[in-house]
1. When the label point is put 7 Å from the Cα of Lys122 along its Cα-to-beta-carbon vector, which residues of the range 148-178 have a backbone N closer than 16 Å?
2. Mind putting a number on the dipole of the chain about its Cα centre? Charges go on the C-beta only, +1 for Lys and Arg and -1 for Asp and Glu, and I need it in Debye to the nearest 20.
3. Antiparallel versus total DSSP beta bridges in the chain: what percent is that, nearest 5?
4. Could you give the dipole magnitude of the range 243-349 about its Cα centre, charging the beta-carbon of Lys and Arg +1 and that of Asp and Glu -1, in debye to the nearest 20?
5. Express in nm, to one decimal, how much length is gained between Ala234 and Asp27 on full extension, taking 0.36 nm for each residue of separation and deducting their alpha carbon distance.
6. Can you tell me the 0 to 90 degree angle between the C-alpha axis of helix 141-151 and the longest principal axis of the chain, rounded to 10?
7. If you place +1 on the Cβ of every Lys and Arg and -1 on the Cβ of every Asp and Glu, how big does the dipole about the Cα centre of the range 123-235 come out, in debye to the nearest 20?
8. Which net charge results for the neighbourhood of Leu343, defined as the other residues with beta-carbon distances under 12 angstrom from its beta-carbon, given Lys and Arg at +1 and Asp and Glu at -1?
Amino acid sequence: MSRDTRAEISLIRIRENMLNIRKSLPDSVKLMAVVKANGYGHGDIESAAAAEQAGADYLAVAYLEEALRLRDAGMKLPILVLTPIPPELTQLALELDLTLTVTSAKWFSEMRVFKPYASAGKLRVHVKMDTGLGRIGIRTKDEWDELVPWLSARDVEVDGFYTHFATAGQADTGYLEQQAARFARMKEWGRSSGLAIRHYHCAGSAAALRFPHLAMDMVRIGAAMYGFYPEGLACSVKLEPALSLHSRLIQVKKLAKGEYLGYNNSYRAEEDEWIGTVPIGYADGWSQRMQGTDVLIEGQRTPIVGKICMDQLMIKLPGPCAEGTPVTLIGFQGEQRITFAELAAHIGSVAQEVSTSLGVRVARTYIDIEEARTRWDKQTWPNEINQAVI
Ligand SMILES: *Cc1c(COP(=O)(O)O)cnc(C)c1O
């Protein structure tokens with residue numbers, strides 16, 4: 001993109017975060033690195049490679065196309081697709097050696113059209129239980145009993161049985177305990193079914209770090225791998241954000257007192273003021289909800305003024321800065337820092353909404369890729385990354 005707006009990403013940070021999480025858990029617990037949504041905006045292939053270097057045992061994505069990208073890049077780790085795939089894509093999933101999420105007998109009956117019993121290949125699945133998030137999964141014993149005959153087929157491997165918590169990032173642990181208790185009862189359904197179920201798992205980042213006793217056979221780490229942790233909760237594992245976001249002024253002007261700026265005259269100068277234009281807008285993930293937040297310039301905080309446009313936004317300048325002056329939207333300038341947490345709080349969301357919103361027009365620059373490439377295990381380093389250096 002012919003502009004200076006770029007996310008700077010440290011793969012070494014991602015690897016360190018994963019190594020620190022790994023160290024906080026018993027060795028027997030497997031580590032699944034969640035790289036859906038383009039690795040939470042950090043680059044899916046790059047993040048997966050960094051996680052593999054840290055010893056991740058599995059990868060996870062939300063949709064089949066995301067897994068396809070990882071396989072195309074040469075990633076060999078098992079990949080769990082967290083959302084049930086359309087049954088007609090089962091053969092493609094087998095070719096890609098994917099692990100599929102199953103939430104109903106109906107899916108199996110439809111899938112059998114595309115993978116008849118006599119056909120080659122084993123279908124590796126994780127059954128998803130809904131213990132209270134209310135999103136996807138099996139809720140009742142009847143639904144489970146209906147599914148068991150399908151799971152018992154010779155060409156099906158039940159590699160996992162899992163659930164997901166609704167409140168793992170909240171201080172009050174009451175609902176999480178209820179969900180954990182419900183999952184414990186559901187595990188008994190699994191154990192008494194006669195199926196050889198390999199991995200029971202329930203914890204995402206917050207649960208894995210706050211309640212290591214819930215780690216079971218595997219933890220699914222997304223947010224924490226990128227350095228995100230629920231605001232206001234103590235964390236004993238060292239996590240550092242891996243992404244910072246930078247741009248440069250493309251225009252500087254003086255606005256006279258009383259003059260307007262922005263669509264709908266959304267800002268009026270209270271005095272004579274210097275204004276700078278920064279080439280990032282809501283089409284890049286800097287939503288209009290970010291109005292009222294600050295950026296950094298010349299080591300100082302300064303507000304975004306007026307409505308954020310599709311491709312640009314305007315900021316109040318501390319003085320007549322030169323065009324080309326660096327602007328930081330996430331990260332440090334000297335002592336000053338804009339954090340994911342403050343941006344997330346402003347828009348009433350979580351850090352991962354900010355990072356996953358960064359659009360395709362925001363270039364990703366891997367600041368320590370040379371070090372990663374020379375020091376890390378070359379056997380598992382995808383070729384794609386060597387070509388993708390910006
Ligand atoms: C996205 C996702 C995760 C990762 O959660 P984090 O809180 O980002 O670690 C884990 N499990 C499931 C089912 C998910 O959809």
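Bear in mind these aren't lab numbers, they're just calculated from the coordinates by the rules spelled out. All values reported here derive from a predicted model rather than from experimental measurement. Counting neighbours? That spans all protein chains shown, and the Cβs are built from the backbone with ideal geometry, glycine included.
1. The answer is 151-161, whose backbone nitrogens lie closer than 16 Å to the label point.
2. Working: 44 positive and 47 negative charges, 106 e Å.
Dipole magnitude for the chain comes out near 500 debye.
3. Values: 30 of 63 bridges.
So the antiparallel bridges amount to about 50 percent of the total.
4. 140
5. 72.2 nm
6. In the chain, helix 141-151 runs at an angle near 70 degrees to the longest axis.
7. 120
8. -2
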